[in-house]
Amino acid sequence: SLLQLVYPYDFRLTEKEKTSICYLSFPDSYSGGLGDTQFSFRLRQSGGQRTTHYEDDGEYNREAPLTLQRESAHYFGYVYFRQVKDSSMKRGYFQKSLVLVSRLPYVNLFQSLLQLIAPEYFDKLEPCLEAVCNEIDQWPPPVPGQTLNLPVMGVVIQVRIPSRVDKPGSSPVKQFNQENLLPAPLVLPSIHELDLFRCFQPVLIHIQMLWELMLLGEPIVVMAPSPTVSSEMVLALTSCLAPLRYCCDYRPYFTIHDSEFKEYTTRTQAPPNIVVGVTNPFFIKTLQHWPHILRVGELRMSGDLPKQVKVKKLAKLKTLDTKPGIYTSYKTFLHKDKTLIKRLLKGIQRKRPSEVQSALLRRHLLELTQSFIIPLEHYIASLMPLQRAITPWKNPPQIRPFRQEDFMKTLEHAGPQLTCVLKGDWLGLYRRFFKSPNFDGWYRQRHKEMTQKLEALHLEAICEANIVAWMKDKSEVEIVDLVLKLREKLVRARCQHLPVKEETLRRVGLYIETIIGSLPEDLQAVLHHH
C-alpha cells in the first residue's frame, strides 16, 4: 500500500508514522465484501513532541471532559475504505482509503465528515480535498459547551462540543439555534458517542464482566471479522467507564505490521494494560497467552436478541476456527444485573429504536461507575486540609495521604451498596482497582485539582490579611522574601490557570507594589528590576 497524498502539505509525519498509517488504512485480512466501509485506529506518535497548530491545547483540555481531551502522544485515524471491481488491476479490484488524522476522539463528527467527502474525493481527487481543506480551515476551534455550525461541501454539520461541567448522563441540549440555516443543517446528536446497543449486541448478557475488565485495566483482545467491528467494539469498551477516564492504552484496529507488534506478542513479560482490536486470524496464535479474548462475529441488527456469546476457557481457543465467545478464566466480583437484560429484551420485543436502547445501556453503565466512584470521591475529599488551617504567612498544609485501608473502613456505612442494587464482592473489586492504571490516573487528576484548590485558597487568605500589620516587626530580609514568594505565586496562578478570581490576583499584585513601596529605594530598584 502506498501513501499517495498528504494534505495539507505542511503536515509533518515521520516515516514510521507514514508506514503505520498505510497499513492501518486497509483491512489486513482479505474480506470478500466489495463496497465502502469505515473504521478507526489509534496510533502512537513516534519521534518526539511536535508543536501543534493549537496553542490553546491547555484551555481546551481544561474545559473538555477528561474522556474527550486532545491527545498529546497519539493520533486518531478515521478511515473511509473503498473496494471495487476493476479488471485493469492485477488483483481484479481497486482499493483506496481516505484517512483523516486528528488528535481529537470525535469519531462521529469525523466519520460523518468522511461520508460527505470520500465519495467526492474518489471521483475528483486532489482538487476536491483542496476545496474541503479550505472550508475546514475556516471552522471555529472546538470550544467545550458551544454548538458549532460547520459548513462543508454545501452541507452544514451542526454539533455540540461537550464540556466538563455537563451533568453526566444528561442528554445533549436539543434546542439548536436553527438561525434559519438553509439548507437545514445535518445535526449530529453526539460528537463521539457510538450506538452502544448495536456495538454490544452479541455480549449484552456479559456487560457486567466487560465493565469490570475495563475498570481494572485488564489486557483484552477483541477478535473481529472486520476493522469496522473491531474498532467499534474497542471504542465502545473504552467508553463504558464514563465519566471515569479509561487511562490505559487502546488500539481500535491493530495489524501484524504495527511497530508495537513485537511488544504485544512477546511471551517474556505479562501482556500490557491495553485493549487491542484485531482481524487477522494469525493473532489467535500470537496472542493466545493473553488473559481475556473476546471473539465476535459480524454485527447484525435484527428484531430479536442476537445470539449471545458464551464465556469459555482459554484452552478452548482453536487456532483455525474460533467460535465467538469470551475466552477467559475471570470470575466477576459483582453479580449479574438481570433487570438490565430484561429491560433490553422488552425493548427489542417492542421494537424500541436503537438509540433508546443505547441510552438505557449508557445510563446503566453510568450508574454503575458512579456507585463505584462516589465513595472514592467522598474519601479523597476528606483528605483536604480544613479551611481554617490555611493561613496567609505559612505554606498551605499538605493534602493527607490516601490510605487504602482507611478508605475500606469508610465503605461499611458509605459504600456502593447505598446507590447500587448489585450484590457481590465490592471490597475485592476496590482492592484490585487500586493496582490498575485507572486508579492511578484518577488519583493523580484529583490530587492535582486539590493542590490547585489549596493554592487558590491560600491566595485568597493572603488577600484577606492585614499586610501592613504583619510588616511592622519584620526585617527587610523577611519582607523581600515575602515579595519574591508572592510574585512566584502570582506567576504560578496565571501559568496553571488556578481556579482564582481575577480580582484576587489583581489585589495580590497591588499588595506586592505596596510592600515594595515601603522599602528603601535601593531595594525597590532591585525588586523592580527582578
Please get the size of the charge dipole for region 15-140, origin at its Cα centre, with Cβ charges of +1 on Lys and Arg and -1 on Asp and Glu, quoted in debye to the nearest 20. 680
With no solvent and one equal point scatterer per Cα, compute the Debye intensity ratio I(q)/I(0) for region 194-443 at 0.07, 0.17 Å⁻¹ and report its log10, rounded to two decimals. -0.28, -1.31
So how exposed is residue 515, as accessible area in Å² (1.4 Å probe, rounded to 10)? 0
Restricting to Cα atoms and excluding each atom paired with itself, what does the Kirkwood estimate give for region 466-529 in Å? 12.5
May I ask you to give the percent of accessible area on the chain that is carbon plus sulfur, with a probe radius of 1.4 Å? 55
Counting only DSSP loop positions in region 439-530, the trypsin sites (Lys or Arg not before Pro) whose Cβ has at most 14 other Cβ atoms within 10 Å are 472, 474, 501
Only four residue types carry charge here, +1 at the Cβ of Lys and Arg and -1 at the Cβ of Asp and Glu. Report the dipole size of the chain about the Cα centre in Debye, rounded to the nearest 20. 2800
The long-range amide H neighbours of residue 292, using H built 1.01 Å from N in the peptide plane and a cut-off of under 5 Å, are 221
Can you list residues whose amide H is under 5 Å from residue 156's amide H, if they're 5+ apart or on another chain and H is modeled 1.01 Å from N? 186
Angle between the chain longest axis and helix 354-381 axis [Cα atoms, degrees, rounded to 10]: 30
Sorting check: for 378-384, 345-351, which peptide has the highest mean count of neighbouring beta carbons within 10 Å, and how do the rest follow? 378-384, 345-351
Kirkwood Rh, Cα Rg: Rg to Rh for region 15-140? 1.00
Rank by packing, highest mean first: peptides 154-160, 38-44, with packing defined as the count of other Cβ atoms within 10 Å averaged across residues. 38-44, 154-160
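Using a 1.4 angstrom probe, figure out how much accessible area the chain has per residue, in square angstrom, rounded to the nearest whole.
Spelled out: the 1.4 Å probe surface of the chain, per residue, equals 52 Å².
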Normalised radius of gyration for the chain, please: alpha carbon Rg relative to 2.2 N^0.38 Å, two decimal places. 1.14
Expected 222 nm ellipticity per residue - DSSP helices of 4 or more, -39500 (n - 2.57), all of the chain, to 500: -13000 deg cm²/dmol
List every residue whose amide H lies under 5 Å from the amide H of residue 164, counting only residues 5 or more places away in sequence or on a different chain, with H placed 1.01 Å from N in the peptide plane. 64
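Which pairs in the list 307/338; 85/351; 310/342; 167/338; 312/338 are over 29 Å apart, alpha-carbon to alpha-carbon? Provide the component values of the computation, followed by the final result.
Details: 307/338 17 Å; 85/351 37 Å; 310/342 18 Å; 167/338 27 Å; 312/338 21 Å.
Distance filter (> 29 Å) returns 85/351.
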Tally Lys and Arg at +1 and Asp and Glu at -1 over the other residues with C-beta under 13 Å from the C-beta of residue 412: what net charge comes out? -1
At a 10 angstrom cut-off on C-beta neighbours, averaged per residue, how do the peptides 84-95, 454-465, 116-127 rank from highest to lowest? 454-465, 116-127, 84-95
Most positive-pole-ward Cα, 523, 504, 470, against dipole of region 438-527 from beta carbon charges: 504
Is there a pair in 262/285; 316/423; 285/336 whose C-alpha atoms are over 22 Å apart, and which pairs would that be? 316/423; 285/336
Of the options 325, 214, 372, report the single residue whose Cα projects farthest towards the positive end of the charge dipole of the chain (beta-carbon charges: Lys, Arg +1; Asp, Glu -1). 325
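The values are calculated or read from the model by the stated rules, or taken from the named source; none is laboratory data. In this text the structure is predicted, and so the values were computed from the model without any measurement. Positions of Cβ are generated from backbone atoms using ideal geometry, with glycine treated the same way; all protein chains shown enter the neighbour counts. Surface areas here come from the heavy atoms of the whole protein model, side chains and all, with no ligands, DNA or RNA. Shrake-Rupley method; radii C 1.70, N 1.55, O 1.52, S 1.80 Å.
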